[in-house]
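Novice: One structure coming up, written as C-alpha cells, with questions to follow.
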C-alpha cells in the first residue's frame, strides 16, 4: 500500500468513517501496510465498534479476550461479542457459545451456548456445527436429539472436522440414536484414523481386535493401538500394554507392556493404575515396591475402581 492510500484511509477513519476505522484496525492488527501495533488496532476497532459496526465489535471482543492492545478482560470480550453476534456475526456467535459453555466472562449456561452455536452453525462455521452436534448427542443445553446430532456432525465432517467422524463412528458402534452398524462405524473410524485422530485410531484398533465391522486381526489392532498410544490416547495405551504383555498381534515384551501401562496410568486410566499397582506389588517385570503399589492403588481407588484381587495366573 502506498503512502497516499494509507493517508486517505487514516483521514477517513479520523472523520468517523466506519469502514476506514475497521480497516485501519485490521492493518495495525496484522502489520500490513503499517508497523504492527495492537494498541492502535484496538483504538480504531473501538471507534468503529462504538458506531455499531459488527466486524469491529467482533475484532475488539477478540482483542479483549486475547489481551492484545488492551488488558485481557473476558467480560468486556463477551460484551462486544454479544453486540456483534446480535448483528449476525458468525464468529462472534461461535466465540460467545464457547464463553457461555466454559463460563468465561459470563455465567455458565449450556442453553445459551447451544443457542449461539446453532446460529453460528447455520452460517456454516464447522466447529460450531460439531459443537452443537455434540450438545444434541449429549442433551447439553438442548433436548437430546440424535437426529439433529447426526445432521450437524455430518455437516461438520463434510467441512473436514475429523472429530465429527469419530463421534458419528461411536454412535454407530454403540447404537446411540441409530441402528447399531459396526461396518459403518469402522468406515468412519478408519477415515478419521487415517487423518491421525488418536481416538479414532483407538476405536478402529478395538474393532480389529474384536472383529466388529472388519475382519478380526490382532496385528491390525496392534498397529492402530500403537498409533493411538503414541498420539496420547490412554485407552489405546492400556490395550497396547495388554497386547505386549500377552504377545497378541505383536511380539511379547514385558518392558513395553509396563511402559504403556504406566503411560495410561499417568493419564488417569483406572485399569492401568490397578495393573501397575499389582505389578509393583508382585514384583513382576519390575523391582518389587510396596510404596509404588500403594500409590497406584490409591489413585485407582480415588477414581472408583476396586483393587485387583489377583493379577497373574
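Novice: Rounded, prolate or oblate: pick one for the stretch 125-259, where a ≥ b ≥ c are the square roots of the eigenvalues of its C-alpha gyration tensor, a/c under 1.5 means rounded, and failing that, prolate if a/b is larger than b/c, else oblate.
Specialist: Details: a/c = 2.48, a/b = 2.08, b/c = 1.19.
Prolate, since a/c reaches 1.5 and a/b exceeds b/c.
Novice: Given contacts defined as C-alpha pairs under 8 Å and at least six residues apart, what's the relative contact order of the stretch 162-313, whole-number percent?
Specialist: Values: 265 pairs, mean separation 18.6, N = 152.
Worked out over the stretch 162-313, it gives 12 percent.
Novice: With a/c under 1.5 counting as rounded, go ahead and sort the stretch 108-192 into rounded, prolate or oblate using the C-alpha gyration tensor (a ≥ b ≥ c being the square roots of the eigenvalues; past the cut-off, prolate if a/b is larger than b/c, else oblate).
Specialist: oblate
Novice: Using Cα springs under 10 Å in a Gaussian network model of the chain, which residue among 178, 162, 34 shows the largest mean-square fluctuation?
Specialist: The residue with the greatest mean-square fluctuation here is 34.
Novice: Can I ask one more? Expressed as an acute angle from 0 to 90° and rounded to the nearest 10, what is the orientation of the C-alpha long axis of helix 234-246 relative to the principal long axis of the chain?
Specialist: 20
Novice: Does the stretch 72-141 classify as rounded, prolate or oblate by the C-alpha gyration tensor (a ≥ b ≥ c root eigenvalues; a/c under 1.5 gives rounded; else a/b over b/c gives prolate, otherwise oblate)?
Specialist: Oblate.
Novice: Here is a further query. Kirkwood hydrodynamic radius, computed over distinct alpha-carbon pairs, for the stretch 1-122: how many Å, to one decimal?
Specialist: Kirkwood hydrodynamic radius for the stretch 1-122: 14.5 Å.
Novice: Right, here's the next one. Using alpha carbons only, how many degrees (0 to 90, rounded to 10) separate the axis of helix 74-86 from the longest principal axis of the chain?
Specialist: It is inclined by approximately 70 degrees.
Novice: Roughly how tilted is helix 218-230, in degrees to the nearest 10 and between 0 and 90, from the longest Cα axis of the chain?
Specialist: 40
Novice: Identify which of 228, 111, 121 has the largest mean-square fluctuation in a Gaussian network model of the chain, with springs joining Cα atoms closer than 10 Å.
Specialist: Evaluated over the chain, the most mobile residue of the options is 111.
Novice: What whole-number volume per residue, in cubic angstrom, does the convex hull of the C-alpha atoms of the chain give?
Specialist: Numbers: hull volume 56.9 nm³, N = 313.
In the chain, the Cα convex hull volume per residue is 182 Å³.
Novice: Now for a separate question. Picking from 283, 69, 160, which is most flexible by a Gaussian network model of the chain using Cα springs under 10 Å?
Specialist: For the chain, modelled as a Gaussian network with Cα springs under 10 Å, the answer is 283.
Novice: Using Cα-Cα distances under 8 Å and only pairs 6 or more residues apart, what relative contact order does the chain have, in percent?
Specialist: Values: 559 pairs, mean separation 18.5, N = 313.
This gives 6 percent for the chain.
Novice: OK, next. Evaluate the relative contact order of the stretch 126-190 (contact order divided by residue number), counting alpha-carbon pairs under 8 angstrom at least 6 apart; express in whole percent. The partial results should precede the final answer.
Specialist: Working: 93 pairs, mean separation 16.6, N = 65.
In percent, rounded to a whole number, it is 26.
FYI, it's all coordinate maths here, none of it is from the lab. These numbers were taken from a predicted model, which means no experiment stands behind them.
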